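Inspection log for the structure reproduced underneath, given as structure tokens.
The values are calculated or read from the model by the stated rules, or taken from the named source; none is laboratory data. These figures come from a predicted structure and were not determined experimentally. Positions of Cβ are backbone-derived with ideal geometry, glycine not excepted, and every protein chain shown enters the neighbour counts. Calculation scope for accessible area: heavy atoms of the full protein, side chains included, ligands and nucleic acids excluded. Shrake-Rupley method; radii C 1.70, N 1.55, O 1.52, S 1.80 Å.
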Amino acid sequence: MSRGDMAKPLLGHGSTEGDPSITPASGRTIGVLGSGDFARSLAIRLVCSGFKVVVGSRNPKRKANLFPSAAEVTFQAEAVKKTDVIFVAVYREHYSTLCDLADVLAGKILVDVSNNMEINHHKESNAEYLASLFPACTVVKGFNVVSAWTLQSGARDGNKQVLICSNNQEAKRTVAEIAQVMGFTPVDMGCMSSASEIENIPLRLLPAWKIPIFLALGLFLCFFTYNLIRQVIHPFIREQKNKFYKIPIEVVNTTLPCVSYVMLSLVYLPGVLAACSQLYYGTKYRRFPDWLDQWLQHRKQIGLLSFFCAALHAVYSLCLPMRRSHRYLLIETAVKQAMEKKMNIWVEEEVWRMEIYISVGIIALGLLSLLAITSLPSIANSLNWREFSFVQSSLGFIALVVSTLHTLTYGWSRAFDENQYKFYLPPTYTLTLLVPCTVIIAKVIFSLPCIRHRLLRIRRGWEKGRYVKFVLPSATGEYSSGETSSNV
């Protein structure tokens, strides 16, 4: 891996180029205590970044062949003497084995890269525990959110952020410079009290996905139970027909588009509620309720789950003709038609309905695919804000409209057929139309000039009940200024 393959992000939020107070960290000697996978990956990355690396091990002869040839592998005491910055890549329970090096470690910077097996497993963080063992050293917590794979493959293949905290500003600055040269983005998380939170981050499993996943599972269970009653339980009770074979494929395939369709509408519903709140209160500075704020923050995950269900629905639909039950039904229908001597079974309306239904569904899936792809960080970072907003907002709303057409062509005139109401329960697709149609109608209302103009002024800083100087484009395209209030 060449150094040219590594991105060189900025330190913090601003550029450090031309700052004379920051000296290049590359070329200095860095120590690594430990010989595990992470220590080996860390040594490889440091060497590729231009650092001189000294690895301290209890068995240097046996572990030397695991590290790059440019790294010096020696005993721990010898390694500590040759550098002032040392990465402690050992587990918490082995910290006590380093106590014999306390005198040699005095005055040096120790970078704790360890993690726990459980969240808040200990009362104090690993970094704080290390600092208590070596009070003469300066301990910095960092690099624990970066995996060994990321260290070896490059920052562009993983998370670029390196979270750093310490009670010593100069020590944090030194470690931040090292992280920057390695191609990562150092993020200052404050004093050592933040170490517990930093150590908990790698242990959390998809924290931003919990609410969307539970929402999707809840919708799936509700629609699955509803479809099970209509498609399996009803014929079993009323007609004594055993149709439990439909559960694995047909019932699931009927449920997936319902979940996908409702989830897609839930991506744009919070925006509608936020706009209603701004119009009602006449300001954009009033804080949204916590539930709405959380909803707005989870729209990306909800949209991706919507695409996932839609993709599964497409695969399940392609597999429907492959079922043995479907073949039996086709043969049975053909035999009945032959016995009844029906030569022409072509139904023009059904043919057109199915053609339109499939075509619109393919378009909807294509739009959802585009939304999912552009939500990926690697793709989103290549788009400017207007392009990203156009895809996620405008094309997303078009995807919702097309999905609505897909649902309507599926239903066609079935909503008015009394035979479709099993146990007096309406067809499933009629229930799914409630939320999406509400969103579409609200979007149309917000696009009316009188409402759109007022909402635009609010989002530009106008507040009800206060005189605010504003600038708006005139009919000729020129901008005119004026003052207004809620009474005007």
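Table: residues versus (1) touching a residue at least 60 places away in the same chain (Cβ under 8 Å); (2) open to solvent by 70 Å² or more (accessible area, probe 1.4 Å); (3) in a helix (DSSP H, G or I).
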| site | (1), (2), (3) |
| --- | --- |
| Ile379 | no, no, yes |
| Ser382 | no, yes, no |
| Phe390 | no, yes, yes |
| Ala415 | no, no, yes |
Residues of the stretch 264-309 satisfying the condition of being more than 27 Å from His406 (Cβ to Cβ), of a type in the set (A, V, I, L, M) and open to solvent by 20 Å² or more (accessible area, probe 1.4 Å): Leu279
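Can you pull out the strands (runs of 3 or more DSSP E) entirely within the stretch 37-95 that have at least 1 residues that are at negative phi and in contact (Cβ under 8 Å) with a residue 40 or more places away in the chain?
Correct list: 85-88.
Would you confirm, using the coordinates I've provided, whether Glu118 is of a type outside the set (S, T, N, Q), at negative phi, surrounded by fewer than 13 Cβ atoms within 10 Å (Cβ to Cβ) and assigned to a loop (DSSP other than H, G, I, E, B)?
Numbers: of a type outside the set (S, T, N, Q): yes; at negative phi: yes; surrounded by fewer than 13 Cβ atoms within 10 Å (Cβ to Cβ): yes; assigned to a loop (DSSP other than H, G, I, E, B): yes.
For Glu118, the condition - of a type outside the set (S, T, N, Q), at negative phi, surrounded by fewer than 13 Cβ atoms within 10 Å (Cβ to Cβ) and assigned to a loop (DSSP other than H, G, I, E, B) - is met.
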Identity of the residue in the stretch 193-217, outside the structural domain of Val259 (by the TED database) and crowded, with 21+ Cβ neighbours inside 10 Å, that ends up nearest to Asn116 (Cα to Cα): Glu199
Pairs, first polar (S, T, N, Q) in the stretch 303-315, second open to solvent by less than 30 Å² (accessible area, probe 1.4 Å) and assigned to a helix (DSSP H, G or I), C-beta under 6 Å, six or more apart: Ser306/Ser260; Ser306/Met263; Ser306/Leu264
All positions within the stretch 417-440 that are out of contact with any Leu (no Cβ under 8 Å at 6 or more places or on another chain), open to solvent by less than 30 Å² (accessible area, probe 1.4 Å) and not in a loop (DSSP other than H, G, I, E, B): Thr428, Tyr429, Thr432
Residues satisfying the stated conditions in the stretch 85-109, i.e. farther than 23 Å from Ala148 by Cα and either touching a Phe, Trp or Tyr at 6+ places or on another chain (Cβ under 6 Å) or surrounded by fewer than 18 Cβ atoms within 10 Å (Cβ to Cβ) (or both): Ser96, Thr97, Cys99, Asp100, Ala102, Asp103, Val104, Leu105, Ala106, Gly107
Qualifying residue in the stretch 112-133 (condition: without any contact (Cβ under 8 Å) to a residue 60 or more places away in the chain and under 22 Å from the mean Cα position of the chain (by Cα)): no
Test: residue in the stretch 323-341 that is over 24 Å from the mean Cα position of the chain (by Cα), in contact (Cβ under 8 Å) with a residue 12 or more places away in the chain and in the same structural domain as Phe397 (by the TED database): yes
Matching option when the condition is in the same structural domain as Val435 (by the TED database), open to solvent by less than 50 Å² (accessible area, probe 1.4 Å) and touching a helix residue (DSSP H, G or I) at 6+ places or on another chain (Cβ under 7 Å), among Leu370, Leu312, Leu405, Leu395: Leu395
Flag if Ala131 is under 23 Å from Cys99 (Cβ atoms), in a helix (DSSP H, G or I) and open to solvent by 20 Å² or more (accessible area, probe 1.4 Å): yes
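Does the stretch 163-179 contain at least one residue that is of a type in the set (Lys, Arg), within 29 Å of Trp291 (Cα to Cα) and either open to solvent by less than 40 Å² (accessible area, probe 1.4 Å) or part of a loop (DSSP other than H, G, I, E, B) (or both)? Step through it out loud before you land on a result.
Applying the first criterion (of a type in the set (Lys, Arg)) to the stretch 163-179 yields 172-173.
Subset that is within 29 Å of Trp291 (Cα to Cα): none.
Checking the stretch 163-179: not a single residue is of a type in the set (Lys, Arg), within 29 Å of Trp291 (Cα to Cα) and either open to solvent by less than 40 Å² (accessible area, probe 1.4 Å) or part of a loop (DSSP other than H, G, I, E, B) (or both).
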Test for Leu66: is it open to solvent by 40 Å² or more (accessible area, probe 1.4 Å) and at pLDDT below 90: yes
Residue within the stretch 269-278 that is over 30 Å from Lys172 (Cβ atoms), out of contact with any Phe, Trp or Tyr (no Cβ under 8 Å at 6 or more places or on another chain), outside the structural domain of Glu118 (by the TED database) and of a type in the set (Val, Ile, Thr) present: no
Residue pairs meeting the criteria (Cβ under 8 Å; at least 6 apart or on separate chains; first under 21 Å from Glu463 (Cα atoms), in the stretch 284-297; second open to solvent by 100 Å² or more (accessible area, probe 1.4 Å) and not in a loop (DSSP other than H, G, I, E, B)): Lys284/Arg459
Residues within the stretch 134-146 that are in contact (Cβ under 8 Å) with a residue 40 or more places away in the chain and aromatic (Phe, Trp, Tyr), tallied: 1
Qualifying residues in the stretch 441-471 (those that are closer than 22 Å to Arg287 by Cβ and open to solvent by 80 Å² or more (accessible area, probe 1.4 Å)) - the one modelled with the highest pLDDT: Arg454
Enumeration of residues in the stretch 340-399 that are within 21 Å of Cys258 (Cα to Cα) and of a type in the set (Val, Ile, Thr): Ile356, Ile358, Val360, Ile362, Ile363, Ile398
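When you scan the stretch 279-293, do you find a residue that is in contact with a Ser or Thr (Cβ under 8 Å, 6 or more places away or on another chain), among the small types (Gly, Ala, Ser) and in a helix (DSSP H, G or I), even just one? Full working, then the answer.
Of the residues in the stretch 279-293, the ones in contact with a Ser or Thr (Cβ under 8 Å, 6 or more places away or on another chain) are 282, 286, 288, 292.
Filter once more, keeping what is among the small types (Gly, Ala, Ser): 282.
Remaining after also requiring in a helix (DSSP H, G or I): none.
Checked the stretch 279-293: no residue is in contact with a Ser or Thr (Cβ under 8 Å, 6 or more places away or on another chain), among the small types (Gly, Ala, Ser) and in a helix (DSSP H, G or I).
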